[in-house]
Amino acid sequence: MSTRVENLGLIKDCGVIAVIRADESDSLFEIVKALVNGGIIAVEITMTTPSALEAIAECAKKNEGDFILGAGTVLDPETARAAILSGAEYIVTPTLNPDVITLGHRYDKIVIPGALTPTEILKAWECGADMVKVFPATAMGPQYFKDIKAPLPQIEILPTGGVNLDNAADFISAGASAIAVGSSLVDKKAVGEGRWEVLTDIARRYVDVVRDIRRKGA
């Protein structure tokens, strides 16, 4: 099993975290497989998904080392522990709860807490966040990320909320370590029709966007 540091490196190298907020869990692993086939290595199942812990456990059981499984919308250390015991390798929260970071690191798992203001972002980093989820990203825009990185260049930031193919490159150019993508990646119509190749194609486009903009900036 990979360590927290190793998994964090893999996630940042890929640059895209897929956020799955499903109305039901029956097709979750098919969604995961489709996204992984498109080159995405980090897949987050939110706790708002029905039977989320069972879904995480099932995906973890079927994982042959192809992806890094995470749990999102985690609000407290008790839920974080349950998700980790179910197989989650990283924990994402909508807000900052220092106890979740402490709990996650006790199990050598990545923790990405949510924050918005400069004070909150710095506080999350000082509490030991592996990355800081800035949410909602599109409410502030890529320029906000550039402004944050100017005085706080050491902080790894992850835009979440409204990231799409039109603005993904701008967020990376502004200093984001990776991007988290939900509804614009996991097309509900395609899922409903079982057209997994559509998800694979969209995933590949996101991975290509991140790779290309990084190459241009190198």
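Laboratory data are not the source of any read-out in this text; all were calculated from the coordinates shown. Everything numeric here is computed off the predicted structure, so don't read it as measured data. Glycine gets a Cβ as well: all are built from the backbone with ideal geometry, and neighbour counts include every protein chain shown.
Note on F135, F171: ascending count of other Cβ atoms within 10 Å places them as F135, F171, the fewest first. Near the amide H of V19, within less than 5 Å, lie the amide hydrogens of E44, V181, G182, all on another chain or at least 5 residues away, with H placed in the peptide plane. Full extension of the chain segment joining S2 with D208 gains 71.6 nm, where the gain is 0.36 nm per residue of separation less the Cα-Cα distance. In this Cβ point-charge picture (+1 for Lys and Arg, -1 for Asp and Glu), the range 1-77 has a dipole of about 240 debye about its Cα centre. Taken about its Cα centre, the range 66-218 carries a charge dipole of about 300 debye when Lys and Arg each add +1 at the Cβ and Asp and Glu each add -1 at the Cβ.
With each run of n ≥ 4 DSSP H residues scored as -39500 (n - 2.57), what mean residue ellipticity at 222 nm is computed for the chain after dividing by its residue count and rounding to the nearest 500 deg cm²/dmol? If you can, show how the numbers build up before the last one.
Numbers: 11 runs with 106 residues, N = 218.
Only helices count here, giving -14000 deg cm²/dmol.
Placing a label point 7 Å from the Cα of K216 along the Cα-to-Cβ direction, the residues of the range 141-156 whose backbone N falls under 17 Å of that point are 142-143, 146.
Distance from the Cα centre of the range 26-58 to that of the range 74-127, in angstrom? Value for the Cα centre distance between the two parts: 19 Å. For I110, the residues 5 or more places off, or on other chains, whose built amide H falls under 5 Å of its own are I91. Only one item in [x] 0.94; [y] 1.53; [z] 1.02 matches Cα Rg over 2.2 N^0.38 Å derived from the coordinates shown, and that item is [x].
Neighbouring Cβ atoms within 10 Å as the yardstick, rank L8, L165, L96, L158 fewest first. Walk me through the numbers on the way to the answer.
Numbers: L8 22, L165 14, L96 19, L158 26.
Least crowded to most crowded, the residues run L165, L96, L8, L158.
Can you give the FRET efficiency for E54 and D13, using 1/(1 + (r/R0)^6), R0 = 30 Å, r = Cβ-Cβ distance, to the nearest 0.05?
Numbers: r = 30 Å, r/R0 = 1.00.
Result of the calculation: an efficiency of 0.50.
Ordered by the count of other Cβ atoms within 10 Å of each Cβ, fewest first, R4, R215 give R215, R4.
Explain nothing, just the number: relative contact order of the chain, from Cα pairs under 8 Å at least 6 residues apart, as a whole percent.
22
Taking every alpha-carbon pair under 8 Å whose residues sit at least 6 apart, the range 154-193 reaches a relative contact order of 45 percent.
Given Cα pairs under 8 Å that are at least 6 residues apart, what percent is the relative contact order of the range 1-109? Provide the component values of the computation, followed by the final result.
Details: 164 pairs, mean separation 25.6, N = 109.
Once divided by the residue count of the range 1-109, the mean separation gives 24 percent.
Placing unit charges on the Cβ atoms of the charged side chains and taking the dipole of the chain about its Cα centre, the candidate lying farthest along the positive direction among L28, G104, N7 is N7. Sequentially through the range 107-112, phi angles give Karplus couplings (6.51, -1.76, 1.60; θ = phi - 60°) of 9, 6, 10, 5, 10, 10 Hz, Gly and Pro residues having no value and appearing as x.
I need the calculated FRET efficiency for the pair D26 and R195, taking r as the beta carbon distance and R₀ as 25 Å, to the nearest 0.05. E(calc), rounded to 0.05, equals 0.95.
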